Every structure is written in structure tokens, then in C-alpha cells.
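Asker: Structure provided below as C-alpha cells; questions to follow.
The values are calculated or read from the model by the stated rules, or taken from the named source; none is laboratory data. Computed from a predicted model, the values in this text were never measured in an experiment. Note that each Cβ is placed from the backbone with ideal geometry, even for glycine, and that neighbours are counted across all protein chains shown. Ligands, DNA and RNA are excluded from the accessible area calculation, which covers all protein heavy atoms including side chains. Shrake-Rupley method; radii C 1.70, N 1.55, O 1.52, S 1.80 Å.
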Amino acid sequence: MKTEIGLLIRDMLGDARYASLRHPKMVRRGFGGYESVFRGVEGPKNILLCCPEHTNIGDQAITLAECRMLQQSERPFIALSGDTTKTLKCLERYVSQEDVVFLHGGGNMGTLYRNEEEYRLNVISLLKHNRIVLFPQTMSYDDTAESQRFLRHTQRVYGAHPDLHLFAREQVSYERMRKAYPNNDVQLVPDIVLSVQGEDNADFTQRHGVLLCMRNDVEKTMTDSSRQMIEQIAAGVDSKFRYTDTTIDSKYAPISQEQGKQLVLDKWEEFKHARLVITDRLHGMIFSAITGTPCVALNNSNGKVGFEYEWLKGLPYIGFVDDSTNKTAIIKAVKTVMAVGSTDFASAGLGQQFGPLVNLIP
């Protein structure tokens, strides 16, 4: 009931106004902290919002890839992290109609990571006269009454914006977005990290060991017995197997953009030195792809690993097994990817797939 009333108030006031009234101190502090950033940039600019401050290295890699893409524009750009409530006064005062706003991509369209969606709603409801582009996302709303109420609210906010462009990073989310947001431009491109080039330059003679990159969060599906079975498979390839992850301890949050960039580059370097990666993390698979590392990917709870694999199925060194309990299938996939002689990521030809997104960057 409390959530429903909150959504009704948001509908009446607008999400940005609602957030400003609820958190006036945050708005004032944010204006003091960010005013100099906006005043320091002259002329039309590109603005990237909602960059993560949390410790998921996959999301930090998304930010890095987004920044690299935006840096190819001649326009200056600003990249800001975290809760957009703290930026609202600056956005209202310093954003001109010529500015283009970009919203961080990832896998958080839905109520599983509701705060992230609320950050976007603040911006979309406030900047109705700007082009707004949502970098590639996965959309996953469940069928609960609360989730569906929140979805209807996003439909009203998104649908009221005349120049909002939504990008899905796989076919299932593309269909969901088209159905949910018929008034908006919806297009399909890969996960933005797959736009990264030049990281598959590792020397195979220097590779050793097996990396097991497994989830331990709300999207985890693997049982202890499956994990033990995968450890046995890894040991059969190389006794020097070890665990890694695309997250670090939350005690290190908030993560600055510079810290996030270094975490990503260090993780890519780790992948470059592995003979094989077995993972149920989406960005475990993607990091393997861009670094030219043989990989067997296993599906996760919301299926996004399998959905994104569709972009990579032409790469012979990336394998996929839908059932993490199927020992025979996993062993077969391991043998297949490790028998590949060349791991050239550029051969995937994904660069042209980002055309619809690149065309919206002035």
C-alpha cells in the first residue's frame, strides 16, 4: 500500500520533483558539489549519468566502454555516478536543449535493482526537451503486483518523453521493451563492453591455469554439488585452477570512476593470463571474449548469459552450456574451446552492430 501511494504521488508531481522534496539536503549538497563541473564545460555537451559506485566490476566495465565510445565524439562530456537526486538542481539549471543525455546500461531494468530504475526516472521526468539515450540494458520485471505497478509507472514516464531512445542488449529484452514502451524508439545492440577492441593481445605461451568465475548473489543458481563437479572438470584441465569474480567486497564502495577503470583493466589482465575460464557471470563470458580467452559459459537465474551468448556464438573459443549440472556437456564444451587455435575477437564482427547507437551520439 505504501509503495502504491508513493507511485501515485510520483505520477502527480513527477519523479524528479518527488525526489527533490524527499531529499532536499541531498539536492543542496549535490548542487554545491557539481556546479563547478557543469560551469567548467562550455557549449553543447554529452552527459553520462547513473554510472555505478558499487563494486561490480562488470558494471564498471560498462562505464569504461561507454566513456570510450563517447570520447570518440568531438563534444566534451561529463560522466557522473550514483543517485541522480544529487544532480537534479545542476541538470535543471545548466543543461541546455542541445545537450544529449546518456544513461548507464547494464542489467537493471526492473525491480530487482529498483534504485537504479528510480535514478533514470528522475532524469527522464526532468529533461523532457533533451535527447536521452539509454545504453544497452537487460529488462526483467516479474509478475508480482508490486513489480507490475512499478512497470506501469515507468511506462507512463518513458512514454511521455518525446526523444527517448532505449537499447536492449539481447533479443528477449528487445521484445519486452518494444511491448512495454511502444511510444519510444527501441533498438537492439550487444552489451556495450563488446564494443571494446584491442584487448585480445595476450601471448598464449604465457597462459596458465583455469579461472572459475562464479556468482554468489541473487542471480546465483549453481548448487554446491554442481560447483564441486566443475572444480573436478577444471582440475582435469589444469591442477592450477582458482576462483575469481567480477565483484569485490562491498566494503570498498563507493568506487570512483578512476578506481573502477583500474579494477576493470586489472581484471582483463587476469583473464589474459588464463588458459580457460568457466563462468556463470555475463561479464565473465564477455571479458573472456574481448581478451581472446577460451571460455565455457553457464546460464544464470534470469537467463541473460544465454541471451547475450547469441552475439558470441560465432566465436569458436566461447562455448555455452545451459544446464550447469550437465557434466558431459560441460566437458565437451571445454574440449571444444581449448582445441581452438586462434582467438581473434575482431572476427566476431560486432563493431557494425553498434551503428544505431553510435548514430545517436553527436
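Asker: Of everything in the stretch 132-169, what is aliphatic (A, V, I, L, M), farther than 18 Å from TYR309 by Cβ and either at pLDDT 95 or above or assigned to a strand (DSSP E or B) (or both)? Give them in sequence order.
Answerer: Residues of the stretch 132-169 aliphatic (A, V, I, L, M): 132-134, 139, 145, 151, 157, 160, 164, 166, 168.
Subset that is farther than 18 Å from TYR309 by Cβ: 132-134, 145, 151, 157, 160, 164, 166.
If the condition is that a residue be aliphatic (A, V, I, L, M), farther than 18 Å from TYR309 by Cβ and either at pLDDT 95 or above or assigned to a strand (DSSP E or B) (or both), then ILE132, VAL133, LEU134, LEU151, VAL157, ALA160, LEU164, LEU166 are the ones that fit.
Asker: Would the stretch 13-26 turn up any residue that is out of contact with any Gly (no Cβ under 9 Å at 6 or more places or on another chain), within 30 Å of VAL196 (Cβ to Cβ) and touching a residue at least 40 places away in the same chain (Cβ under 8 Å)?
Answerer: No.
Asker: Let me confirm something: among GLY6, GLY58, GLY14, which residue is surrounded by fewer than 16 Cβ atoms within 10 Å (Cβ to Cβ) and not basic (Lys, Arg)? Before the answer, list the steps.
Answerer: Working: GLY58 fails: surrounded by fewer than 16 Cβ atoms within 10 Å (Cβ to Cβ); GLY14 fails: surrounded by fewer than 16 Cβ atoms within 10 Å (Cβ to Cβ).
Step by step, each of GLY6, GLY58, GLY14 is checked, and only GLY6 is surrounded by fewer than 16 Cβ atoms within 10 Å (Cβ to Cβ) and not basic (Lys, Arg).
Asker: I'm trying to understand the selection: among the residues of the stretch 140-168, which are out of contact with any Phe, Trp or Tyr (no Cβ under 8 Å at 6 or more places or on another chain) and under 19 Å from ILE62 (Cβ atoms)?
Answerer: Correct list: SER140, HIS165.
Asker: Which residue is nearest to ILE230 (Cα to Cα), if the candidates are limited to the stretch 315-335 and must be of a type in the set (Ser, Thr, Tyr) and free of Cβ contacts under 8 Å to residues at least 60 places away in the same chain? Break it down stepwise before answering.
Answerer: Looking only at the stretch 315-335, we keep the residues that are of a type in the set (Ser, Thr, Tyr), and these are 317, 324-325, 328.
Filter again for free of Cβ contacts under 8 Å to residues at least 60 places away in the same chain, leaving 317, 328.
On the way: TYR317: 18, THR328: 11 Å.
In this case the residue turns out to be THR328.
Asker: What is the one condition in (1) within 21 Å of ILE124 (Cβ to Cβ); (2) in contact with a helix residue (DSSP H, G or I) (Cβ under 7 Å, 6 or more places away or on another chain) that THR55 does not satisfy?
Answerer: (1)
Asker: Scan ASP249, ASP200, ASP191 and give me the residue that is surrounded by 15 or more Cβ atoms within 10 Å (Cβ to Cβ) and either at pLDDT below 95 or of a type in the set (Lys, Arg) (or both). Outline the logic, then answer.
Answerer: Details: ASP249 fails: surrounded by 15 or more Cβ atoms within 10 Å (Cβ to Cβ); ASP191 fails: either at pLDDT below 95 or of a type in the set (Lys, Arg) (or both).
Selected residue: ASP200, the only one of ASP249, ASP200, ASP191 that is surrounded by 15 or more Cβ atoms within 10 Å (Cβ to Cβ) and either at pLDDT below 95 or of a type in the set (Lys, Arg) (or both).
One line per residue, one yes/no per condition, for (1) open to solvent by 10 Å² or more (accessible area, probe 1.4 Å); (2) among the basic types (Lys, Arg); (3) over 27 Å from TYR174 (Cα atoms); (4) not in a helix (DSSP H, G or I):
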residue: PRO254; (1), (2), (3), (4): yes, no, yes, yes
residue: LYS267; (1), (2), (3), (4): yes, yes, yes, no
residue: ALA274; (1), (2), (3), (4): no, no, yes, yes
residue: VAL277; (1), (2), (3), (4): no, no, yes, yes
residue: VAL305; (1), (2), (3), (4): no, no, no, no
residue: GLU308; (1), (2), (3), (4): no, no, no, no
residue: GLY314; (1), (2), (3), (4): yes, no, no, yes
residue: PHE320; (1), (2), (3), (4): yes, no, no, yes
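Asker: Quick one: what pairs do we get from the stretch 170-193, first residue part of a loop (DSSP other than H, G, I, E, B), second open to solvent by 90 Å² or more (accessible area, probe 1.4 Å) and not aliphatic (A, V, I, L, M), C-beta under 8 Å, 6+ apart or different chains?
Answerer: Here the result reads GLU170/GLU310, each pair linking the stretch 170-193 to a residue that is open to solvent by 90 Å² or more (accessible area, probe 1.4 Å) and not aliphatic (A, V, I, L, M).
Asker: Going through the stretch 331-358 one residue at a time, which ones are in a loop (DSSP other than H, G, I, E, B) and more than 20 Å from the chain's Cα centre (by Cα)?
Answerer: Answer for the stretch 331-358, where residues must be in a loop (DSSP other than H, G, I, E, B) and more than 20 Å from the chain's Cα centre (by Cα): ALA339, VAL340, GLY341, SER342, THR343, ASP344, GLY349.
Asker: So which pairs qualify, if the first residue must be in the stretch 337-359 and open to solvent by 60 Å² or more (accessible area, probe 1.4 Å), the second must be part of a helix (DSSP H, G or I), the Cβ gap must be under 8 Å, and the two must be at least 6 apart or on different chains?
Answerer: MET338/VAL237; GLN353/TRP311; VAL358/MET69
Asker: Conditions first: (1) at pLDDT 95 or above; (2) open to solvent by 10 Å² or more (accessible area, probe 1.4 Å); (3) under 17 Å from the mean Cα position of the chain (by Cα). VAL218 passes all but one, so which condition is the exception?
Answerer: (1)
Asker: A further question on this structure: Could we say that PRO44 is touching an Asp or Glu at 6+ places or on another chain (Cβ under 9 Å), under 23 Å from GLN259 (Cα atoms), touching a residue at least 60 places away in the same chain (Cβ under 8 Å) and not hydrophobic (A, V, I, L, M, F, W, C) here?
Answerer: Details: touching an Asp or Glu at 6+ places or on another chain (Cβ under 9 Å): yes; under 23 Å from GLN259 (Cα atoms): no; touching a residue at least 60 places away in the same chain (Cβ under 8 Å): yes; not hydrophobic (A, V, I, L, M, F, W, C): yes.
So PRO44 does not fit the description; no.
Asker: OK, next. Residue by residue through the stretch 108-126, note down the ones that are assigned to a loop (DSSP other than H, G, I, E, B) and open to solvent by less than 10 Å² (accessible area, probe 1.4 Å).
Answerer: Of the stretch 108-126, the ones assigned to a loop (DSSP other than H, G, I, E, B) are 110-113.
Selection gives GLY110 alone.
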